[in-house]
1. Suppose we keep just the DSSP beta bridges with both residues in the chain; what percent of those would be antiparallel, to 5?
2. Length gain on complete extension for the stretch residue 421 to residue 244, per 0.36 nm per residue less the alpha carbon to alpha carbon distance?
3. Over the Cα atoms, compute the radius of gyration (one decimal) and Dmax (the largest Cα-Cα distance, rounded to a whole number) for the chain, in Å.
4. Report the gain in length on full extension from residue 28 to residue 438: 0.36 nm times residue separation, minus Cα-Cα distance, nm rounded to one decimal.
5. Send over the semi-axes of the range 2-231's equivalent ellipsoid, whole angstrom and largest first, taken as the square roots of 5 times the C-alpha gyration tensor eigenvalues.
6. Taking 7 Å along the Cα-to-C-beta vector as the label spot, tell me the residue 13-residue 63 distance in nanometres, rounded to one decimal.
7. Which three lengths, in whole Å and largest first, does the range 255-354 cover when its Cα atoms are put on their principal axes?
8. Take the Cβ-Cβ distance between residue 106 and residue 78 as r, set R0 to 45 Å, and report the resulting FRET efficiency rounded to the nearest 0.05.
């Protein structure tokens, strides 16, 4: 059994869905479990519907709902033109989903209040619509396809908009549900992103959660492999939107991929790797627009060579500098500092310490006012805005002779505010001014990948 996840661009329109079905059809002997995202840009539209309804703008809400229905109805007609009976069944189901959405959106309009629970229900409709349409189309093309409502098997905590999966419950539910759906079928299809809590209430995993859904399902069914189908040929050595002459990576380790995702790479959701690691399931990043391409294989650590694989970055961060002479020889001081971050649910990336100073980085979007106020009760706190974080990632790079020299050689004229070496030996990270990020990343990438040097592990 394999798990195949297709993102929004892979199911965006008639041409994309036709390619996707062809890809799935070529792998029926491997018992594919197909996980799909909403059509490209549909989730954005659903967020807009939810937010517009909350303002009680009925006319605008009606217009947006009409756009959503029209796009999906037209797609059904285009895909199933040659199968009128199946087309009628698909249209009935698509219109039923849209009718339920209309009722909820107008109810929100009426009261002018949007709860997290109702927002989760609204934004989940994209995946329900896309999976319904693709399921009917696959059946019309002779691929007997079973439909699974992901909410029956993907279980999270009670956070409606950023649900945290309950892995043990998922592992218990998924195999039986998938096996039942597969009876008499060539493939099964389900949704990424959407889930429910233990009470059966609708939740979602948060933006980019479809990759995570696929990985969790792959773990639960002991899949031979997990395939993430996107619109790029694999993982690159840097973000091509910032860096020229990037290179595709044929294979990287689970650990390298996790670091890349965490430190800014956009190809994978940061949490995707963890479930695959638990079962040592190979994960592949592939291009649905180029199905014959090799893509990038993400494999267990021992199958990957040492060396630099990527220059990743986070474009907009804050540095929180904490000063106190009480740090010196004071037991429990650091514990109290990080308890405050934890209590306020502020995620920290990099940490650097000295005798009287702690510096940490957080995403610019983090709400840190309360954290800073509480820290200021016993420390001096300075927050530096408009910073960026750069990470050099690769297996054992911290143990490579000359790696630090090679990393910082192109940065002679750059102010570096903070340096952190990962304890896992996989990354070296540092902080620079945000306005210098593009130049820094380009220079560093050129130095590391266009002027390669042999570096020995010590």
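Computed from the coordinates by the stated procedures, all read-outs in this text should not be read as laboratory data. For clarity, every value in this text was computed on a predicted model and none was experimentally measured. Here the Cβ is made from the backbone with ideal geometry for all residues, glycine too, and neighbour counts use every protein chain on show.
1. 60
2. 61.1 nm
3. Reported Rg and Dmax, both Å: 24.0, 78.
4. 143.2 nm
5. Its equivalent ellipsoid spans semi-axes of 27, 22, 14 Å.
6. In this crude label model, residue 13 to residue 63 measures out at 2.3 nm.
7. Between the extreme Cα coordinates on each principal axis of the range 255-354 lie 61, 29, 28 Å.
8. Calculated value: 0.95.
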